[in-house]
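Remarks on the structure that follows.
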Amino acid sequence: MERDLISLQDFNRWEIEALLKRASQLKEELQRGHNKPTLAAKTLGLLFEKASTRTRVSFQVGMVQLGGSSLFLNASDLQLGRGEPISDTARVLSRYLDGVVLRTVSHQTILEFARYATIPVINGLSDLFHPCQILADLFTILEVKGTMCGIKVAYVGDGNNVANSWVEAATKFPFQLTLACPKGYGPDKEIMKAANELASIELTTDAEEAAADADVLYTDVWVSMGDEAQEQKRRRIFKRYQLNDKLLEVAKNDVLVLHCLPAHREEEITSKVLEGHFSIILNQAENRLHVQKAVLEALLG
């Protein structure tokens, strides 16, 4: 039976820990130059409606390093762009491919595709979730801290797909999650309601309150793809939610700074903080490769 990664709810804590352990092994093997072709003769399709740098490159390079291959499929170049039903596309591609990564405007597109596909479907980003990013984030924090137990993660900014996936992660691991978002821009209410039945998650409108004694400071862009029409309005609303020296001062002395990139410097994060001593953002970006290779092995292997 094929298995999907649509959100973090598709894996329990122990399965996630196994994925992250395997990612560590794969990272070490790559550093030693010992790639093993565990996905030889496997082909991954990347069906993208949105632009991408890290997601596209890391999945394509990951498949090469695992001995397989990939096809980049721009949605506008397929018959989907001419009105072919998602159900037909999913069933046909299932006859050609061993798995597919979808990066879509609407989360419903991924759900419908997965309903009809007979191959593993991986969410490479939707308007609701970004599970691959948060798996890489957890891995990056664990590399430095060694544990998630008792860690305080402060997310500052827009309650977008990344924030929603952080909320789901907080139901899997015993860390403290505090989100600081402007009123009306918090995470999805239904996701928060379900998560609060399993974990204690704080939501505030005060960025400094969220950052106080934080082990991890995390932010994302204020204007996600699809929100461009609200750009000026969002810049005004979010200007008090910049990750800057002021937030570093109230966090712990060994705080880690993360950003899933791309970053708009001097907006949601200052260049000084992004390039500073506490930033592990480039490690975070690199780790997308290793974690996604572990995901690919688990689902396509």
Region 234-301 - Rg over Rh from alpha carbon coordinates, Kirkwood radius: 1.11
Region 12-67-region 70-122 distance, computed between alpha-carbon centres (Å): 20 Å
Acute angle (nearest 10 degrees) that the helix 107-116 long axis makes with the longest principal axis of the chain, alpha-carbon atoms: 30 degrees
Formal net charge of residues neighbouring Arg115 (Cβ-Cβ distance under 13 Å; K, R +1; D, E -1): -3
Per residue accessible area in Å² of the chain, where ligands, DNA and RNA are left out and the probe is 1.4 Å: 45 Å²
Extended-chain gain in nm, criterion 0.36 nm per residue less alpha-carbon gap, Arg115 and Glu231: 38.3 nm
Rule-of-thumb Rg ratio for region 205-253 [Cα; 2.2 N^0.38 Å; N residues]: 1.30
The chain - mean residue ellipticity at 222 nm from DSSP helices (-39,500 (n - 2.57) per run, n ≥ 4, rounded to 500): -13000 deg cm²/dmol
Relative contact order %, the chain, counting alpha carbon pairs below 8 Å whose residues are six or more apart: 20 percent
Contour excess over end-to-end distance, with Cα ends at Leu30 and Glu209 and 0.36 nm allotted per residue: 60.4 nm
When region 1-127 is reduced to its Cα atoms, the Kirkwood hydrodynamic radius in Å: 15.4 Å
Lys, Arg +1 and Asp, Glu -1 on Cβ, resulting dipole of the chain about Cα centre, debye, nearest 20: 500 debye
0 to 90° range, to nearest 10: angle between helix 281-300 axis and the chain longest Cα axis: 30 degrees
Inter-centroid distance (Cα atoms) of region 127-163 relative to region 164-224, Å: 10 Å
Intensity falloff of region 133-223 expressed as log10 I(q)/I(0), Debye formula with alpha-carbon point scatterers, at q = 0.16, 0.23 Å⁻¹: -0.56, -1.22
Mean Cβ count within 10 Å, highest first, over the residues of peptides 161-171, 113-123: 161-171, 113-123
Cα extents of region 186-225 along the three principal axes, largest first (Å): 31, 25, 17
Neighbour net charge for Glu202 - beta-carbon separation under 14 angstrom, K R +1, D E -1: -3
Extended-chain gain in nm, criterion 0.36 nm per residue less alpha-carbon gap, Asp77 and Val61: 3.5 nm
Using alpha carbons only: equivalent-ellipsoid semi-axes of region 173-301, gyration tensor based, whole Å: 23, 20, 18
Charge dipole magnitude, Cβ of K and R +1, D and E -1 - region 1-150, Cα centre, debye nearest 20: 320 debye
Sequence-distant lysines (8 or more away, or on other chains) whose Cα lies within less than 16 Å of Lys145: Lys21, Lys252
Gyration tensor (alpha-carbon) shape descriptor, region 81-199, a/c threshold 1.5: prolate
Square roots of 5 times each gyration tensor eigenvalue, C-alpha, the chain, largest first, Å: 31, 22, 17
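The values are calculated or read from the model by the stated rules, or taken from the named source; none is laboratory data. Quantities reported herein were computed from a predicted structural model and do not represent experimental measurements. Because the Cβ atoms are built from the backbone with ideal geometry, glycine has one as well, and the counts that use them run over all protein chains shown. Accessible surface areas use protein heavy atoms only, side chains included; no ligands, DNA or RNA. Shrake-Rupley method; radii C 1.70, N 1.55, O 1.52, S 1.80 Å.
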